[in-house]
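Below: one structure, written as structure tokens.
The values are calculated or read from the model by the stated rules, or taken from the named source; none is laboratory data. All values reported here derive from a predicted model rather than from experimental measurement. FYI the Cβ positions are ideal-geometry reconstructions off the backbone, even for glycines, and counts take in every protein chain you see. These area figures cover heavy atoms from the full protein model, side chains too; ligands, DNA and RNA do not enter into them. Shrake-Rupley method; radii C 1.70, N 1.55, O 1.52, S 1.80 Å.
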Amino acid sequence: MFSLSPAYFHPVHAFFTSMSSQQEHVGAEFEALNLFRQANRGAPTLVERNNKNIIVITLESVRASQLDYYAALGGKEGIAATPVFNAFAANNISAKNFYANTNFTVKGEMAIWCGLLDHNAKPPLSTISEQLANNLPCLPSMLRELGYDTRFYHGYQSRFYNRRAFLPKVGFENSLFFADVSEGRSVEEIGWGISDEAMLGLMLDELQSLASPFFAHITTLSSHYPFHWQWPEASQSAQFVESGDKLYDNYRRAVAYEDYAFGKFWEAFKRSPLAENTIVVVTADHGVWTFSPEDAAQGDNVVLDEKFFRMPLAIYHPDVDEPQVIEQVSSQIDIAPTLLAMLGLPHDEFVGKNMLTEVERPWALMMKSGQLVVRVENMLCRINGRECAGLHQECIAHQFGELFLKKFTDMQACYNVDGDLLQGGTYSEVAESEPWLQHGFNLINYHNKRALGAID
């Protein structure tokens, strides 16, 4: 029940109701862990151990539905303004059915680094970093132990989301928050701070000077809400018809700029020595709840959630010559095990999968603060009738009382997905006896108890 806690709950209250409650639920949580881990089993892929560098670029708020590589509907929602990402995805490794696990940036980062499902409640785990367990398996800390230089980059301030204190807990040895050191420095600014074009350039210059292998993560900033910035003319060359919704149209312009800024980085990267020994991952942190007036008017929450949670993912690997498309369902918690597999390292500590290996029943969990969507292969299950509101889809507290009256199986509505919902696919309701919502909440509880040291 407390997995669905409203925004005012502290995570300790959300997951530690009483010692007796903990004991009653631990068995079910381990069962859920084993169930999802079993579903992610596939034939092992053997790669010779290597020390390739890794750069992860997380594009702020960029949904897959805004990229023509995913939308492919003649510009209906894809804005024909992302040629760089389209080419990058088409010529490298790309994932078609890839999802954000949550609706907030720092929770998405936690999923990417630690394969961990940060709770549905606020505040995020990063804000209580002093309470985090010291033995969390996180990609930055694992690589740091192997001699990697681990670095985080962001254009804003280190106090935001408590990142200054939080990042060392997950393994980042160095960080550059440009807003902390920007005084007296002349750079292009967009919105919240330094432009992403400039910040990506600063990161690339710094990484080229490192002697040891590195793991670097940058979360972009320019495309942060409210999207009404003065964009460089060069980034807005593509023309699209105004939708009539100002927020949505500004969002489309923000996505076009992110493609432009990534393009500047990508051209410089390909000319650099790093291109021979560096894996580059391009993805996004979360969606935003703004849509074309036509889609908003239809009010189809299953399709809108698909657009909200579906993220881009494309990976450059210097040793991969032919494009590869990952069709199976995957999510942010699968990134760390996939990268470890690419380095020839074990990834058994993660419940996520190596996306390059076909698994038995690929799945993804998608959390809002009060809503959960579980996708297993072509079936998705969600809380029936639960409405959320606002840009980041907060679920309001007064709905909380319904949980005293219903079982998980009564709350669960499941659908079979036929085709791609971003490309005109359809869905139909199906009867499903397996309580996937309950399994999902149990896994979330397990992850957060482990993060806070209650489970080894």
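Between the amide H of Phe152 and those of Asn174, Ser175, Leu176, His217, distances stay under 5 Å, these residues lying 5 or more places away or on another chain, with hydrogens modeled in the peptide plane. About its Cα centre, the stretch 218-289 has a charge dipole of approximately 140 debye under the convention of +1 per Lys or Arg Cβ and -1 per Asp or Glu Cβ, with nothing else charged. Between the stretch 411-452 and the stretch 85-144, the alpha-carbon centres lie 19 Å apart. Coupling constants for the stretch 41-55 follow from the phi torsions by the Karplus curve (6.51 cos²θ - 1.76 cosθ + 1.60, θ = phi - 60°), and in residue order they are 6, x, 5, x, 9, 9, 10, 5, 4, 8, 10, 5, 5, 9, 10 Hz; glycine and proline get x. Taken as entire DSSP H runs, the helices of the chain that both span 15 Å or more between Cα atoms along their own long axis and average 0.5 or more on the Kyte-Doolittle scale are 196-207.
Can you give the calculated 222 nm mean residue ellipticity of the chain, where each DSSP H run of n ≥ 4 adds -39,500 (n - 2.57) and the sum is split over every residue, rounded to the nearest 500 deg cm²/dmol? Numbers along the way, then the final one.
Details: 15 runs with 149 residues, N = 456.
So the helix-based figure for the chain works out to -9500 deg cm²/dmol.
Accessible area per residue (1.4 Å probe, heavy atoms of protein chains only) ranks Glu109, Glu233 as Glu233, Glu109, with the largest value leading.
May I ask you to give the percent of accessible area on the chain that is carbon plus sulfur, with a probe radius of 1.4 Å? It would help to have the intermediate numbers written out before the result.
On the way: 8700 of 17820 Å².
Taking all protein chains in place, the chain shows 49 percent carbon and sulfur surface.
Report the Cα centroid-to-centroid distance between the stretch 264-303 and the stretch 157-194 in angstrom, as an integer. Answer, in whole Å: 21. When its C-alpha radius of gyration is set against 2.2 N^0.38 Å (N residues), the stretch 206-338 gives a value of 1.25. The residues of the chain expose on average 39 square angstrom of accessible surface per residue, using a 1.4 Å probe on protein heavy atoms. The Rg/Rh ratio for the stretch 283-334, using Cα coordinates for both the radius of gyration and the Kirkwood hydrodynamic radius, is 1.10. Would you check the accessible area of Arg41, probe 1.4 Å, heavy atoms only, in square angstrom rounded to 10? Its accessible surface works out to 140 Å², give or take rounding.
Summarising the strand pairing of the chain, around 55 percent of its internal DSSP beta bridges are antiparallel. Note the listed values (1) 23.2; (2) 22.3; (3) 24.0, then indicate which one is Kirkwood radius over Cα pairs in Å calculated from this particular structure. Among (1) 23.2; (2) 22.3; (3) 24.0, the one derived from this structure is (2).
Rounded to the nearest 20 debye, the dipole magnitude of the chain is 800 debye, with +1 charges on Lys and Arg beta carbons, -1 on Asp and Glu beta carbons, and the Cα centre as origin.
If you add up the charges near Ile93, with Lys and Arg at +1 and Asp and Glu at -1, over every other residue whose beta carbon is less than 13 angstrom from its beta carbon, what do you get? Intermediate results must be reported in sequence, preceding the final value.
Working: positive: Lys96; negative: Asp319, Asp321, Glu322, Glu327, Asp334.
Around Ile93, the charge tally is -4.
Considering only Leu421, Ile93, Gly344, the residue lying farthest towards the positive end of the dipole of the chain is Gly344, judged by Cα position with unit charges set on Cβ.
Do you know the relative contact order of the stretch 206-274, to the nearest whole percent, from alpha carbon pairs under 8 angstrom that are 6+ apart? Computed value for the stretch 206-274: 39 percent relative contact order.
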